[in-house]
Amino acid sequence: MSKASDLEAQYGAHNYHPLDVELTRGQGIYLWDIAGRRYIDMMSAYSAVSFGHSHPRLVAALSAQASQLAVTSRAFRTDRLGPFLARLCTLTGQDRALPMNTGAEAVETAIKAARKWAYKVKGVAAERAEIVVCKGNFAGRTTTIVGFSSEAQYRDGFGPFTPGFRQIPFGDSGALEAAMSPNTAAFIVEPIQGEAGIIVPPRGYLARCAEICRRHRVLLICDEVQTGLGRTGSLLAAQQEGVVPDGVTLGKALGGGLLPVSAFLASREVMDVFAPGDHGSTFGGNPLAAAVGLTALDLLIEEDLSTRAAKMGALLRAGLKDIGSPLVGEVRGQGLLIGMEVNARHLNARTACEKLARFGILSKDTHDTVVRFAPPLIITEDQVEAALVAIDRAFAELEHEAGVTRELESAAA
Ligand SMILES: Cc1ncc(COP(=O)(O)O)c(C=O)c1O
């Protein structure tokens, strides 16, 4: 390990287990380590770097705004916030936006809005509002959010938790119908579960959920912190089901891979439950974030990155399936949010990611058995092909080490 990594291990909390690479530079889809080795970034900082590293227009917007006016707090108006929020609402079909910083804060904002809407508008009795969530959800790491997680490790040692959440299986609209009660305020759902291992629900699921929510006067809130902003092949993943949710959370790519920028978006009826003093954030909606966020949205549209994500995603998924390795199980996903199961009999996903790194591909395992592939949306066809060649070689070496061969395993199947 280098001096910097030693210092990180000595002085940092050990709440991550990073792969053993020390990065120092990024450009486009590439990252370089301190030894000068180049990698293809297939992680995009958990989908935050959709525009690639150091996109010149985003860097220019950042530095121009930083030298003009960066942070003021919302105690004052600025000339940057309005245009950013207007663009955000117009693009997503929502009425109002409340800017925050991280994805978890956007989800916390959604929870507060949904509860207040339930009391002030729907007429739920005080302290009785209930929010339905799905097993396998991931929405961040605050105590309220981990409180409604089904993942034992995320919760272990952090209770007592916020009450008022009910879990149902993901992808099962019948379970949503059964969970409805007069006290239900909202259903918060990821259109595709990301951290759970890129779990795609059955076609029509979200549309059925929208219909159920409408019938029961319950808010459908889509957590698109990971799936939003082109990642799955459309601006919002919900659009692929023809659904306009009552509320949407966005984050990650909204900051252009440069800053934490997030937002909760909703209809007027929902957002207008907030009065001055009800909610806020020192950094939320600062001019720097607004300038970068607006440029990120412009880029997304001008470069039609949703369409690119759909096309490149189809190419990458097909290529991963074509590898035909006995160590590779299901390949699934939508757009450039792709999960590849590894054959747990021979391999765990962490070992696969370590090997991939040696072949110049940076990715990260999730849930021991899934390797995710979520490169920047700007990736080109040639770059996808180059990544596939490297992944193929990495798996050939893993097969050799595991003592399996493509022919043998397929003969046994
Ligand atoms: C769907 C979803 N919601 C919320 C979050 C939390 O975002 P952050 O890590 O910025 O708090 C994540 C992060 O992975 C996510 O995938």
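Ordering 50, 281, 234 from the fewest to the most neighbouring beta carbons within 10 Å gives 281, 234, 50.
Stokes-Einstein, applied to the Kirkwood radius of segment 1-135 over Cα pairs at a viscosity of 0.692 mPa s and 37 °C, places its translational diffusion at 168 µm² s⁻¹.
Using a Förster radius of 25 Å, what is the FRET efficiency between residue 27 and residue 354 based on their Cβ-Cβ separation? Nearest 0.05, please.
Working: r = 24 Å, r/R0 = 0.96.
The formula returns an efficiency of 0.55 here.
Shown here are the Rg and Dmax of the Cα trace of the chain, at 21.7, 69 Å. Check cross-link reach from residue 122 to the lysines: straight Cα distance under 28 Å, and skip same-chain residues fewer than eight apart. Residue 122 reaches 112, 135. Hull volume per residue, based on the alpha-carbon atoms of segment 346-413 and their convex hull, is 102 Å³.
With each run of n ≥ 4 DSSP H residues scored as -39500 (n - 2.57), what mean residue ellipticity at 222 nm is computed for the chain after dividing by its residue count and rounding to the nearest 500 deg cm²/dmol? Write out the running numbers ahead of the final one.
On the way: 15 runs with 157 residues, N = 413.
Rounded to the nearest 500, it is -11500 deg cm²/dmol.
Over the C-alpha atoms of segment 57-302, the Rg to Rh ratio, Rh being the Kirkwood estimate, stands at 0.96.
Count Lys and Arg as plus one, Asp and Glu as minus one, and take only other residues whose Cβ is under 15 Å from that of residue 279; the net charge is then +2. Computed from point charges on the beta carbon alone (+1 for Lys and Arg, -1 for Asp and Glu), the dipole magnitude for the chain about its Cα centre is near 1100 Debye. Summing Lys and Arg as +1 and Asp and Glu as -1 over all other residues whose Cβ lies under 12 Å from the Cβ of residue 356 gives a net charge of +1.
Contact order for segment 1-76, expressed relative to its length and based on alpha carbon pairs under 8 Å spaced 6+ residues apart, stands at 19 percent.
Given a Förster distance of 22 angstrom, what is the FRET efficiency for residue 318 paired with residue 37, based on the Cβ-Cβ distance and rounded to 0.05? For R0 = 22 Å, the calculated efficiency reads 0.20.
Couplings for segment 163-176, taken from phi via the Karplus curve 6.51 cos²θ - 1.76 cosθ + 1.60 with θ = phi - 60°, read x, x, 10, 10, 9, 10, x, 6, x, 10, 6, x, 5, 5 Hz in order; Gly and Pro are left as x.
If you take every DSSP beta bridge whose two residues both sit in segment 167-252, what share of them, in percent to the nearest 5, is antiparallel?
Details: 1 of 8 bridges.
Taking every DSSP beta bridge within segment 167-252, about 10 percent pair in antiparallel fashion.
Here the calculated FRET efficiency for residue 217 and residue 3, from their Cβ-Cβ distance with R0 = 60 Å, stands at 0.50, rounded to the nearest 0.05.
Under 25 Å of direct C-alpha separation, and excluding same-chain neighbours fewer than eight residues apart, residue 3 reaches these lysines: 355, 364. Using a simple spin-label model with pseudo-atoms 7 Å out from Cα toward Cβ, residue 16 and residue 311 lie 3.3 nm apart.
Quick note: the coordinates plus some simple rules give every number you see, no bench work behind them. Keep in mind it's a predicted model, so treat the numbers as computed, not measured. Note: ideal-geometry Cβ built from the backbone for every residue, glycine included; neighbour counts use all protein chains shown.
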